[in-house]
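Chemist: Quick one: the structure is below, questions incoming.
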Amino acid sequence: MKKTISFAGIHFTVAFTVAYVLTGDILLGSLIAMVEPMVNTVAFYFHEKAWQTPLLKRLGMNHPGRKTASFATVHFSVAFGVAYLLTGDILVGSVMAMIEPSINTMAYYFHERVWQNKERFQLMQCHHHHAAKA
């Protein structure tokens, strides 16, 4: 859950900035920035659950690039849907769907690398600690 919360913080910041720049309206930009990341945070949680299945782990599919591409597809769809539904403007929805997920996809890739390195480090510490006891 910590991983989901940390990505949510990044996502909210990016979404607000892009939505405000696109709409010029702080209230509409704020609304988009609140709704779009909330929907994507839920999608992120289920995306992570799917990628933790034994089959994908066994196939070595957990590479950050593959996970990033998979999540990007979800993210582009959500960004367009939320922006279009809240503004009624297909252009704003389309531009939001191109810009906001692109920035967040790059952020996701680096976020995933940090978390995978953290998991590796914890595993190494566990093995080191276990070996020292033996």
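Chemist: What figure in square angstrom, to the nearest 10, would you give for the accessible area of residue 113 with a 1.4 Å probe?
Modeler: Probe radius 1.4 Å; accessible area of residue 113 about 110 Å².
Chemist: Let me ask something additional. Using the C-alpha gyration tensor of segment 1-77, what are the square roots of 5 times its eigenvalues, in whole angstrom, with the largest one first?
Modeler: Equivalent-ellipsoid dimensions as semi-axes: 29, 12, 9 Å.
Chemist: Right, another one. Compute the normalised compactness of segment 32-110: alpha-carbon radius of gyration over 2.2 N^0.38 Å, N being the residue count.
Modeler: 1.17
Chemist: Express the carbon and sulfur contribution to the solvent-accessible surface of segment 54-107 as a percent, rounded to the nearest whole number, probe 1.4 angstrom.
Modeler: 73
Chemist: Quick one: length gained pulling residue 51 to residue 77 fully straight, 0.36 nm per residue minus the C-alpha distance? Let's see the in-between values first.
Modeler: Values: separation 26, 0.36 × 26 = 9.36 nm, distance 1.89 nm.
Contour length minus Cα-Cα distance gives 7.5 nm.
Chemist: Name the residue, out of 56, 31, 86, whose mean-square fluctuation peaks in a Gaussian network model built on the chain with Cα pairs under 10 Å.
Modeler: Highest fluctuation of the listed residues: 56.
Chemist: Then there's this: What Kirkwood hydrodynamic radius do you get for the chain when you take the inverse of the mean 1/r over all pairs of distinct Cα atoms, in Å?
Modeler: Result for the chain stands at 16.0 Å.
Chemist: Given an 8 Å cut-off on Cα distances and at least 6 residues of separation, report the relative contact order of the chain as a percent.
Modeler: On the way: 112 pairs, mean separation 33.3, N = 134.
Once divided by the residue count of the chain, the mean separation gives 25 percent.
Chemist: Per residue, how much accessible surface does the chain expose to a 1.4 Å probe? Answer in Å², no decimals.
Modeler: With all protein chains present, the chain gives 61 Å² per residue.
Chemist: Heavy atoms only, probe 1.4 Å: what % of the accessible area of segment 1-46 goes to carbon and sulfur, would you let me know? Walk me through the numbers before you get to the answer.
Modeler: Numbers: 1970 of 2480 Å².
Carbon with sulfur: 79 percent of the solvent-accessible area.
Chemist: Can you give the extra length, in nm with one decimal, that the chain gains between residue 103 and residue 69 once fully stretched, where that is 0.36 nm per residue apart less the Cα-Cα distance?
Modeler: 10.9 nm
Chemist: Quick check: net charge around residue 94, other residues with Cβ under 15 Å of its Cβ, Lys/Arg +1 and Asp/Glu -1?
Modeler: Summing Lys/Arg as +1 and Asp/Glu as -1 gives -3.
Chemist: Sorted by accessible area (1.4 Å probe), largest first, how do 115, 51 line up? Show your work: numbers first, answer last.
Modeler: Values: 115 45, 51 25 Å².
Largest to smallest exposure gives the sequence 115, 51.
Chemist: Additional query: Tell me the net charge near residue 112. Cut-off is 12 Å between Cβ atoms, residue 112 excluded, with +1 for each Lys or Arg and -1 for each Asp or Glu.
Modeler: +3
Chemist: Quick check: net charge around residue 16, other residues with Cβ under 14 Å of its Cβ, Lys/Arg +1 and Asp/Glu -1?
Modeler: -3
Chemist: Keeping all protein chains in position, work out how much accessible area residue 114 exposes to a 1.4 Å probe, and write it in Å² to the nearest 10.
Modeler: Counting only protein heavy atoms, residue 114 exposes about 100 Å² to solvent.
Chemist: Find the centroid of the Cα atoms in segment 67-91 and in segment 1-26, then give the distance between the two in whole Å.
Modeler: Using only Cα atoms to place each centre, the spacing works out to 13 Å.
Chemist: Relative to a virtual label point 7 Å from the Cα of residue 85 in the Cα→beta-carbon direction, which members of segment 24-64 show backbone nitrogen distances below 11 Å?
Modeler: From segment 24-64, the list is 35-36, 39-40.
Chemist: Rank 112, 100, 48 by mean-square fluctuation in a GNM of the chain with C-alpha springs under 10 angstrom and give only the top-ranked residue.
Modeler: Result for the chain, Cα springs under 10 Å: 48 fluctuates most.
Chemist: Now a separate question. Students often forget the sequence filter, so: which lysines lie under 29 Å Cα-Cα from residue 67 once same-chain residues fewer than 8 apart are removed?
Modeler: Within the straight-line limit of under 29 Å, residue 67 reaches these lysines: 2, 3, 49, 57, 118.
Chemist: Now for a different question. Among 72, 15, 50, which one moves the most in a GNM of the chain with springs linking Cα atoms closer than 10 Å?
Modeler: Result: 50 has the largest fluctuation of those listed.
Chemist: How big is the charge dipole of the chain about its Cα centre, in debye rounded to the nearest 20, if each Lys and Arg gets +1 on its Cβ and each Asp and Glu gets -1 on its Cβ?
Modeler: In debye, rounded to 20, the chain gives about 940.
The values are calculated or read from the model by the stated rules, or taken from the named source; none is laboratory data. The shown structure was predicted, so the numbers you read here are calculated from the model rather than taken from an experiment. Note that each Cβ is placed from the backbone with ideal geometry, even for glycine, and that neighbours are counted across all protein chains shown. Heads up: the accessible areas ignore ligands, DNA and RNA and are worked out on the full protein's heavy atoms, side chains in. Shrake-Rupley method; radii C 1.70, N 1.55, O 1.52, S 1.80 Å.
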